[in-house]
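Peer 1: Quick one: this structure, given as structure tokens, is what I'll be asking you about.
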Amino acid sequence: MFSLSDIHRYCRRLPTLAVLFFLIACSDNDGILPPIEPQVLEGVESTQTVTFQEIVDFLYEDYSMTEEQRANTEQNIALLRLVACNMTAHSVRYRTTAPDGSPVTASGVVYYPNRSTPRGVMEVMPINKSKRNCVSRNPLTFEAIVGCMGYICIIPDLIGCGASEDLPISYMQHENSAVVAADLRRAAAELIRNTYGRQLPSTSYIGGYSLGGGIAWALARHYALHPELGVKVEEVWCGGGAYDPSVAFNSFLNTRYSQYSIVPNIIYSMNYYDHLGLDFTKVFRGDLLEHYQEWCKGDIPLGELTSMLGYDLQTYLQLDFFSPENPKYSWLMEVLKSKAIPNDWKPRARVRLVHSREDTYVPRACTDQLYAYLQSVGADVEYTMLEEDHVMGGILWGQAILQELGKRILIP
């Protein structure tokens, strides 16, 4: 959060900063580069202007925030409105690879700041979304708000959303999701070259919360292990992520409780993409067994699915299936363990981890484990433990990034 001394310093500098910001925003000394033949980008589905206020308004509505929560948020972002700019949101289709290795057309959104020369590149991985509200269908997503700080913001859809919505959503396919995100960056470079005549910077800031937290961490590793891609990661912000899905899965099974009914969708996704051949009559029960082919592909938002299934796993899972003596369950757990992001590298970028102490969506043990590893290898890592729940933790995570970016703009 901004301290009182920070606010006083900002206020004293505002007249000068306002003039400087105006001059910087209106200057463009970059030469216009000639267009190139796209290799990854297939096309642009839509282009629209997105404002800071539109994203904030959608955030309030989408999260059903109380008046008190809105007032606190407004207080935290008040100074940021001074430097916020509109963005042009380009919803694109591009070539990438599905989890099974086959070629697939995916989608995502590239946000380009309208009022200033871009300050850099933010690659933000999406929170869990249904097919109907994925980012390419609704660019007013809170993850894009960092683009209003003057950054090029790049957000992919998961495979199974947008252009690939005929497939099940690819939950916890971290390695593939990193490839999909990296390919969107390549498509963004082609779009920006041909639309704005500019070169996409080679450095990136990477962030993600919840489902996006794991993808963000996988993407940071992907760039580190593939220097030929030419991307340097400056900073990584990960919050509330399941970096080892088996840790989260075991926690749910041990407590038989999940405040967010994502377990059926994960099982369905793993069965499809990893060819487990599960007999769902032995895995699901009740209404879920009757409707799993409609409910588990990602067409229904998980908030709605949770309201139908409840929090007790015993009401919709056949818990006898989840026994170490069951070979099919053992295979499922081995696949889940294989989706863990390997702790086989040391990031050069600064890493900021966030998790809520009593998170009932994603167990904090996932981040505790990652933090312990990063400490053991001497990484530049900071771990913030929040007291709020998973949902409010995500909002605070986003606010913290905005405040950090705002601080860098207002106090160079």
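Peer 1: Filter the stretch 135-146 for residues that are over 17 Å from A181 (Cα atoms) and part of a helix (DSSP H, G or I); which is modelled with the lowest pLDDT?
Peer 2: Filtering the stretch 135-146 for residues that are over 17 Å from A181 (Cα atoms) and part of a helix (DSSP H, G or I), the one modelled with the lowest pLDDT comes out as V146.
Peer 1: Name the one entry in G298, G239, G286 that is on the phi > 0 side of the Ramachandran plot and crowded, with 20+ Cβ neighbours inside 10 Å.
Peer 2: G298 is the lone residue from the list that is on the phi > 0 side of the Ramachandran plot and crowded, with 20+ Cβ neighbours inside 10 Å.
Peer 1: Let me ask another. Does the stretch 328-336 include one or more residues that are surrounded by fewer than 18 Cβ atoms within 10 Å (Cβ to Cβ), touching a residue at least 24 places away in the same chain (Cβ under 8 Å), under 30 Å from I395 (Cα atoms) and under 25 Å from the mean Cα position of the chain (by Cα)?
Peer 2: no
Peer 1: Please go through (1) assigned to a loop (DSSP other than H, G, I, E, B); (2) over 25 Å from L191 (Cα atoms) for N76 and return the number of the only condition it doesn't satisfy.
Peer 2: Among (1) assigned to a loop (DSSP other than H, G, I, E, B); (2) over 25 Å from L191 (Cα atoms), N76 violates only (1).
Peer 1: Then there's this: Hey, could you check the stretch 311-331 for residues that are assigned to a helix (DSSP H, G or I) and of a type in the set (A, V, I, L, M, F, W, C) and say which is farthest from T360 (Cα to Cα)? Full working, then the answer.
Peer 2: The first filter runs over the stretch 311-331 and keeps only residues assigned to a helix (DSSP H, G or I), leaving 313-315, 319-321, 327-331.
Add one more test, that the residue is of a type in the set (A, V, I, L, M, F, W, C), and what stays is 313, 319, 321, 331.
Values: L313: 13, L319: 20, F321: 23, W331: 26 Å.
Among them, the one singled out is W331.
Peer 1: For the stretch 274-304, what are the residues that are under 18 Å from G162 (Cα atoms) and of a type outside the set (A, V, I, L, M)?
Peer 2: Those that are under 18 Å from G162 (Cα atoms) and of a type outside the set (A, V, I, L, M): E294, W295, C296, K297, G298, D299, P301.
Peer 1: Additional query: Quick test for you: out of A216, A182, A163, A189, pick the one residue that is closer than 19 Å to G394 by Cα, assigned to a helix (DSSP H, G or I) and out of contact with any Pro (no Cβ under 8 Å at 6 or more places or on another chain).
Peer 2: It is A216.
Peer 1: Does at least one position in the stretch 127-134 carry a residue that is of a type in the set (A, V, I, L, M), closer than 23 Å to T306 by Cα and at pLDDT 95 or above?
Peer 2: Let us first name the residues in the stretch 127-134 that are of a type in the set (A, V, I, L, M), namely 127.
Next, only the ones that are closer than 23 Å to T306 by Cα stay: 127.
Now drop any that are not at pLDDT 95 or above, which leaves none.
Looking for residues that are of a type in the set (A, V, I, L, M), closer than 23 Å to T306 by Cα and at pLDDT 95 or above, one finds none in the stretch 127-134, hence no.
Peer 1: Which residues, counting only those in the stretch 33-66, are modelled with pLDDT of 90 or more, within 21 Å of the chain's Cα centre (by Cα) and assigned to a loop (DSSP other than H, G, I, E, B)?
Peer 2: Selection gives T51 alone.
The values are calculated or read from the model by the stated rules, or taken from the named source; none is laboratory data. Worth saying up front: this structure is predicted, and the values here are computed from it rather than measured. Heads up, the Cβs are rebuilt from the backbone with ideal geometry, glycines too, and the neighbour counts pull from every protein chain shown.
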